[in-house]
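Trainee: Okay, here's the structure, questions in a sec.
The values are calculated or read from the model by the stated rules, or taken from the named source; none is laboratory data. Values in this document were obtained by computation on a predicted structure and should not be read as measured data. A quick note on method: Cβ atoms are made from the backbone with ideal geometry, for glycine too, and the neighbour counts reach across all protein chains shown. When the accessible area is computed, the model is the full protein with side chains, heavy atoms only, and any ligands, DNA or RNA have been set aside. Shrake-Rupley method; radii C 1.70, N 1.55, O 1.52, S 1.80 Å.
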Amino acid sequence: MSILTTLYLWLDAFLIFFYRMTDLPMANFLIGTFILSFLCVIIGELSVSLALKFNKPYVDRITAEMMEKERLSMVAYQAGDKASYKALNKEATDVWGKSFFTMAAYSAGILWPLPFAMGWLGSRFAEVDFPVAAPLSLLFDKGVGYMFIFIPMYILSRILFKYMRPYLPYFKNVQKMLDATDKSGHLDKEKLS
């Protein structure tokens, strides 16, 4: 048996436990899906926080370069040197683009566990349809699948995690770092203490 098969079987046994906690099938599905979605949030947030820590020197360098180019372009503008202003402003815009797309990649990185969770849900619940009440029953007369429940559960989990983060052991330090970073991306070391 390959290591991936062994890992999948272990994860399957771990995850299905949360879907067998009561004698009520629908309650089991809701509890299990909420726990799975919350695990996706935690794994995604952990991954991105580690990536941010690992890449902090790069992000700091880009931010400092962007601020310096912006400052120099304003100095050139105030001195009436339009050519230097335009050149420096273009360079600042290019660096800003690097910063923007780096942060966009981090934001997308939060979502990487979702395809795996949805794949697992599909392997277990693809054939299950959940009936819905009116007026949704007019649109979904045969019921809805697991995705209809998983996606709102994931959104709820993200909202709950936002409020829980300042109190969770590892993530409270991440929250302090986020709170200490001002809108321009500079870290205010006084707010960290």
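Trainee: How much area per residue is accessible in region 1-107 when the probe is 1.4 Å and only protein heavy atoms are counted (Å²)?
Mentor: 65 Å²
Trainee: Alpha carbon centre of region 89-145 versus region 1-47: separation in Å?
Mentor: 18 Å
Trainee: Right, something else. Hey, any idea what % of the chain's accessible area is carbon plus sulfur with a 1.4 Å probe?
Mentor: Carbon plus sulfur share of accessible area: 69 percent.
Trainee: Pairs to check: K53/K98; K98/K176; K56/K172; K53/K90; K69/K90; K56/K176. Give those whose C-alpha atoms are more than 20 Å from each other in this structure.
Mentor: Going by Cα-Cα distance, K98/K176; K53/K90 fall outside the 20 Å limit.
Trainee: Given region 31-116, what whole percent of its Cα pairs are spread farther than 14 Å?
Mentor: Cα-Cα pairs of region 31-116 separated by over 14 Å account for 70 percent.
Trainee: Next question, about the same structure. Among (1) 11.0; (2) 17.4; (3) 11.9, only one was calculated for this model; which label is it, if the read-out is mean projected area of the Cα convex hull in nm²?
Mentor: Here the calculated entry is (2).
Trainee: First select every other residue whose beta carbon is under 13 angstrom from the beta carbon of S49; then total the charges, Lys and Arg +1, Asp and Glu -1.
Mentor: Summing Lys and Arg as +1 and Asp and Glu as -1 gives +4.
Trainee: May I ask for the net charge around W96, where only other residues with Cβ less than 9 Å from the Cβ of W96 are counted and Lys, Arg are +1 while Asp, Glu are -1?
Mentor: 0
Trainee: What's the ranking of 50-56, 130-136 by average number of surrounding C-beta atoms within 10 Å, highest first?
Mentor: Descending packing order for the listed peptides: 50-56, 130-136.
Trainee: Mind listing the phi-derived Karplus ³J(HN,Hα) values for region 145-154, rounded to whole Hz, using 6.51, -1.76 and 1.60 with θ = phi - 60°, and x for any glycine or proline?
Mentor: Running phi through 6.51 cos²θ - 1.76 cosθ + 1.60 with θ = phi - 60° gives x, 4, 5, 4, 9, 5, 5, x, 5, 5 Hz.
Trainee: Which ³J(HN,Hα) values, rounded to whole Hz and listed in residue order, are derived for region 79-92 from phi using the Karplus coefficients 6.51, -1.76 and 1.60 in 6.51 cos²θ - 1.76 cosθ + 1.60 with θ = phi - 60°, glycine and proline given as x?
Mentor: Working through the residues one at a time gives 7, x, 8, 5, 5, 5, 4, 5, 5, 5, 5, 5, 5, 5 Hz.
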